[in-house]
1. What is the distance in Å between the Cα centroid of the stretch 277-351 and that of the stretch 377-399?
2. Hey, rough spin-label estimate for PHE295 and ILE315, points 7 angstrom out along Cα→Cβ, what's it come to in nanometres?
3. Net charge around PHE258, counting only other residues with Cβ within less than 9 Å of its Cβ (Lys, Arg = +1; Asp, Glu = -1)?
4. Between THR267 and ASN174, take the C-beta separation as r, use R0 = 22 Å, and let me know the FRET efficiency to the nearest 0.05.
5. So what is the diffusion coefficient of the stretch 234-384 in µm² per second by Stokes-Einstein at 4 °C and 1.567 mPa s, using a Kirkwood Rh over Cα pairs?
6. On full extension of the chain, what length is gained from LYS146 through PHE354, given 0.36 nm per residue of separation minus the C-alpha to C-alpha distance?
7. For a label point 7 angstrom out from the Cα of GLU409 toward its Cβ, which stretches of the stretch 210-245 have the backbone nitrogen within less than 15 Å?
8. So how far apart, in nm, are the two label points at LYS228 and GLU398 if each is 7 Å from Cα heading toward Cβ?
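Here, each number is a calculation from the coordinates, and none is a lab measurement. Given the structure is predicted, the values throughout are model-derived calculations rather than measurements. Cβ: placed from backbone, ideal geometry, glycine included. Neighbour counts: every protein chain shown.
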Amino acid sequence: MHSKGAKKSLKVNSEPSQKEKKYEKESPGAHNPNYFIMAQNKDEEWVKAKIIECRLISENIEEIGKKLKKSKKLDEHSYEYYVHYCHTNRRLDEWISSDRIKLTSEYIDEEKIKEEKRRKGIINSSDEEYEGMDQNARKEHEEATKVKTIMRIQFGEYTSETWYYSPFPDGYHNLDTLYFCEFCLSFYKTDQERRNHMGKCKLSHPPGNEIYRDEELDLSMFEVDGFKNQTYCENLCYLSKLFLDHKLLYYAITPFLFYILTLKTETGHHVVGYFSKNKDPSDGNNLSCILVLPFYQRKGYGKLLINMSYELSKIDGNIGTPERPLSDLGRLSYLSFWTQKIIEYIKTLDGKPFTLDDIVKNTAIRLIDVIDALERVNLIKKYKGEIYICTNTQILDEIYKKMGRPAIEVHTENLHWHPFYYEYNKNEKKEVRNGRPRRRRR
Ligand code: ACO
Ligand code: ZN
């Protein structure tokens with residue numbers, strides 16, 4: 001047993017599990033991770049939490065060495081703990097010292113918790129984030145990514161705490177800060193290395209075609225081909241994985257196009273965020289991954305990216321949907337976007353009758369997503385086999401307002417984009433990689 005609280009546990013008579021034995025051997029004296037704890041979060045509130053990992057406190061190494069020499073035992077204060085606060089997103093997981101921990105005697109019985117959830121029919125938002133992943137894949141994902149290894153990034157003039165583990169190459173882990181060149185996205189372990197690079201870096205915008213420009217807001221969008229610019233796109237994926245939990249770790253870059261949103265200043269086009277899109281439209285997704293860098297979030301750029309993905313769908317003639325699973329923030333942003341777009345469409349009709357299909361055709365939002373959004377805000381009712389959608393202007397306006405700021409407009413006259421000519425050679429089972437955009441009339 002590792003802690004006093006644990007001794008009081010309900011599981012008194014049971015033998016220590018394999019996991020407990022291993023933990024005892026590897027981390028003698030540390031708090032037992034098999035019991036819930038109360039932990040003090042960043043807001044200084046005491047909340048229920050779980051210990052994910054522990055490590056010896058590096059500043060105390062000398063003291064620890066002395067203790068070991070005197071054959072004194074290590075105790076819980078010799079360690080710091082990586083904790084997950086229950087019922088919150090994993091991006092809030094963090095390393096804390098033992099004085100932010102209080103013990104409980106509540107054993108973490110995963111099976112019992114799962115059974116309880118099943119019985120109550122609870123699917124919480126974190127379960128939704130694993131939509132499309134089976135139990136094994138989810139477990140594997142959680143195990144492989146349980147502790148983040150890079151705590152901060154420096155990107156241009158901004159620094160930001162990271163949210164999740166990202167599979168950077170060996171040698172780029174266990175770092176306090178990782179330094180990026182904000183133009184070519186190469187990354188460095190020290191600021192000096194990054195500065196040396198900046199002196200030589202020739203890029204001042206993403207390496208692709210500028211397909212959109214909004215002069216008034218100084219925004220641009222560049223299309224970067226994952227096949228032609230592999231290193232740039234790989235670096236972008238490493239970077240974005242620091243803020244995206246649910247996407248798988250293994251990136252196939254070449255089948256994707258990356259649409260990078262930038263903000264222009266006198267020093268260049270600074271990356272604000274991006275979305276990726278599969279070149280092969282047959283999977284039905286008009287967007288694969290979306291990210292707005294933390295220092296640009298909640299300014300409307302996320303909904304602008306989503307807006308752009310639907311404008312591209314309108315051009316390539318496909319009804320689109322984002323790839324699942326959606327993250328909690330992805331879901332909030334999509335629900336906000338879908339609801340507002342649907343309400344905007346209904347209001348243009350001025351009371352004329354319409355069908356769900358009309359909404360789909362005019363917004364390029366997939367039928368299931370239209371229904372999902374309308375249901376979430378209570379605008380749709382089924383009655384005696386008929387579907388009714390609320391068109392009361394006052395109610396529509398209230399809901400529109402609740403959904404936050406409207407998406408930044410895409411001025412389609414400034415969008416110069418042709419669908420990617422994707423060809424898959426079925427006989428040779430390979431992608432025709434040098435596919436050229438097919439010119440289409442718009
Ligand atoms: N809390 C509450 N509501 C939120 C939040 C939040 N943290 N973030 C977005 N919303 C809702 C709000 O309604 C917001 O409108 P408002 O700010 O006017 O109230 C609306 O969504 C959209 O806000 P934007 O400013 O347009 O979105 P943002 O620029 O912050 O980008 C995004 C949203 C891309 C999801 C961003 O949070 C992000 O990059 N998160 C990390 C990566 C991620 O989760 N990506 C989505 C994965 S799903 C997929 O890839 C298919
Ligand atoms: Zn560079």
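1. Taking the Cα centre of the stretch 377-399 as reference, the centre of the stretch 277-351 is 22 Å away.
2. Once both label points are built, they end up 3.0 nm from each other.
3. Every neighbour counted, the sum reads -1.
4. On the way: r = 32 Å, r/R0 = 1.44.
Approximately 0.10, to the nearest 0.05.
5. Rounded to a whole number, D works out at 78 µm²/s.
6. Gain on extension, LYS146 to PHE354, equals 70.0 nm.
7. Those under the cut-off are 213-218.
8. Those two pseudo-labels are separated by 5.1 nm.
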